[in-house]
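Enquirer: Sharing a structure, written as structure tokens. Questions coming.
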Amino acid sequence: MILGQKITVLGAGIGGLSAALALAQRGAQVTVLEQAEAITEVGAGIQVSPNGARVLEALGVADRLAARSVTGRAVVLRDGLSGQDVAKLDLTQLPAHQRYLFVHRADIVDVLADAVRAAGVTIKLLQKVVDAQADGTVHLATGAQHKADLVVAADGLHSRMRPALNGTAEPFFTGQVAWRCLVPNVIGHPMHARVHMGPGRHLVSYPLRDGKMVNIVAVEERKLWAEEGWFHEDDPQNLKAAFAEFDPEVHLLLNATEKVFLWGLYRHPVATRWTDGQGRVALLGDAAHPTLPFLAQGANMALEDAWVLADCLSQHDGTAAALAAYELQRKPRVSRVIEAANANAWKYHLRRGPVRLAAHLGMRTLSRMAPGRLLHQFDWLYAHDVTQASTPGRGSASVV
Ligand SMILES: Cc1cc2nc3c(=O)[nH]c(=O)nc-3n(C[C@H](O)[C@H](O)[C@H](O)COP(=O)(O)OP(=O)(O)OC[C@H]3O[C@@H](n4cnc5c(N)ncnc54)[C@H](O)[C@@H]3O)c2cc1C
């Protein structure tokens, strides 16, 4: 029933493009409406974990992306003050089909956009949605009105369609701000994601583009409000001052920063309604479930959503039933991932004292004595393969 169906996707981010590709590959006539004048992404990295990489493989773009990615060999938790390793997830021990990639956001969007165009999808730029209705009617800044058999809203954190289905809900400030920046790899950063943990703050770094650059996301607890959004420039001195107590490698990286962006981390509830109940509208990716970046899963969840949505539409006879199945399948998974991400912040930010010492000792011991057990804690997350409709395993993601 998906064959020939006219589907409009709002937003050409990772979620929108992967959904457009998955739908077009199943025979839908897909149009993507994007507000920007070009398909670009912010200068930042993204970790594509095996669960997201499986979707990219099934979409036929994994090899092209792998050629532009760094294969992650480990995730290492460090004491940010001493610079000593606390725990290591050895990603080389993952089964060969489970890839863990560090990718520049512009590269993943570029690879997806090429594949989308090759699949016959029409991408229309400068199509800002200013209003949307639960029946799928979309009003554009150009004054035009748009209607399709089905609208897939992948228009991100500030989605116009989400409030049409759910009303407005105020997010709350988590008391944390984050800086992001890209710097030259001045320290010979290994092919690891490193999490430097300190009292009330942590800094994540990993290499990109043949290891020539390093992506940094640094989080600090703060009472002061900071704006939500990715484009607020800040003085690099503020970032350096916040991590002044951290180990010398962190200083070397931060001394290489020229441009940094700062934004506030807000928690948004998972949308109560992802679909309109009539088979006309579905939310996908951040539009349905924005997540804090403490488990590196927002884009991976958008990739999983995209596959499951297309799969449900091709499996079910009616669109309403297909969308209901999509929501039913995705909500518990996404909610679990978001809870795990929320729980990670306090673990990274333990203050000085016995609790911090004991926690680090526990992680260090587990990492040395049972490295396999540490890695397999993440099977429920990384080994989950939506392209095989696999059943999620059990466990918790308490380390990254
Ligand atoms: C610091 C940080 C680090 C992160 N790291 C990771 C990571 O390592 N791994 C990971 O999986 N996730 C990570 N994430 C999360 C990830 O970036 C998001 O979850 C992901 O980008 C969501 O994709 P999306 O397509 O749903 O939304 P978006 O990427 O926000 O795309 C939305 C698209 O819709 C367009 N749009 C928006 N509004 C309109 C409108 N009104 N009209 C038309 N078009 C519109 C936008 O221009 C954009 O192209 C991170 C997030 C942050 C903040």
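The values are calculated or read from the model by the stated rules, or taken from the named source; none is laboratory data. Remember, it's a predicted structure, so these values are computed and weren't measured experimentally. Using ideal geometry, Cβ is built from the backbone for each residue, glycine included, and neighbour counts are taken over all protein chains shown. SASA here: full protein model, heavy atoms, side chains in, ligands and nucleic acids out. Shrake-Rupley method; radii C 1.70, N 1.55, O 1.52, S 1.80 Å.
Enquirer: Take the Cα radius of gyration of the stretch 1-83 and divide it by 2.2 N^0.38 Å, with N its residue count; two decimals is plenty.
Expert: Expressed relative to 2.2 N^0.38 Å, the Cα Rg reads 1.44.
Enquirer: Evaluate the chain: find the radius of gyration of its Cα atoms, find its Kirkwood radius, and give the ratio Rg to Rh.
Expert: 0.96
Enquirer: So for 274, 230, 263, what's the accessible-area order with a 1.4 Å probe, most first?
Expert: Ranking 274, 230, 263 by accessible area, largest first, yields 230, 263, 274.
Enquirer: Packing-wise, with mean Cβ within 10 Å as the measure, how do 83-89, 156-162, 286-292 rank, highest first?
Expert: 286-292, 156-162, 83-89
Enquirer: If I model a spin label at residue 158 and residue 317 as a point 7 Å from the Cα along the Cα→Cβ vector, what separation in nanometres do I get?
Expert: Result: 4.4 nm between the two label points.
Enquirer: Roughly speaking, what is the stretch gain from residue 96 to residue 172, that is 0.36 nm per residue apart minus the C-alpha to C-alpha distance, in nm to one decimal? All intermediate terms of the calculation are to be shown ahead of the outcome.
Expert: Details: separation 76, 0.36 × 76 = 27.36 nm, distance 4.05 nm.
Working it through step by step, the gained length comes to 23.3 nm.
Enquirer: Need one number: nm distance between label points at residue 379 and residue 38, each 7 Å from Cα along Cα→Cβ, rounded to one decimal.
Expert: Distance between the two pseudo-spin positions: 4.6 nm.
Enquirer: Now a separate question. Just the number, please: carbon plus sulfur as a percent of the accessible area of the chain, 1.4 Å probe, no ligands or DNA/RNA counted.
Expert: Percent of accessible area from carbon and sulfur atoms in the chain: 52.
Enquirer: For residue 221 and residue 114 in the same chain, what is the full-extension length gain: residue separation times 0.36 nm, less their Cα-Cα distance, in nm?
Expert: Length gained, residue 221 through residue 114: 34.6 nm.
Enquirer: Hey, any idea what Rg/Rh is for the stretch 166-269, computing Rh the Kirkwood way over Cα pairs?
Expert: That ratio equals 1.01.
Enquirer: Averaged per residue, what accessible area in Å² does the stretch 257-303 show with a 1.4 Å probe, protein chains only?
Expert: Per-residue accessible area for the stretch 257-303 comes out at 31 Å².
Enquirer: Shifting gears a bit: Sorted by mean Cβ packing within 10 Å, highest first, what order do the peptides 301-307, 38-44 take?
Expert: Packing order, densest peptide first, comes out as 301-307, 38-44.
Enquirer: Could you pull the accessible area for residue 240 with a 1.4 Å probe, rounded to 10 Å²?
Expert: Answer for residue 240: close to 50 Å² accessible.
Enquirer: Using the Cα atoms of the stretch 120-228 to build a convex hull, what is its mean projected area in square nanometres?
Expert: Reported value for the Cα convex hull: 11.1 nm².
Enquirer: Using only the alpha carbons of the stretch 77-118, determine the length spanned along each of the three principal axes and report them from longest to shortest in whole angstroms.
Expert: Per principal axis, max minus min of the Cα coordinates gives 49, 27, 7 Å.
Enquirer: When DSSP assigns beta bridges and you keep just the ones with both residues in the chain, what percent turn out antiparallel, to the nearest 5? Please list the in-between numbers first.
Expert: Numbers: 48 of 69 bridges.
DSSP beta bridges in the chain are roughly 70 percent antiparallel.
Enquirer: Could you tell me which of the pairs 259/347; 88/331; 240/347; 128/347 are separated by over 32 angstrom between their Cα atoms in the structure shown?
Expert: 128/347, as the Cα separations exceed 32 Å there.
Enquirer: Could you list which residues have their amide H under 5 Å from that of residue 12, counting only those 5 or more apart in sequence or on another chain, with H placed in the peptide plane?
Expert: Amide H neighbours of residue 12, under 5 Å, 5+ apart: 35.
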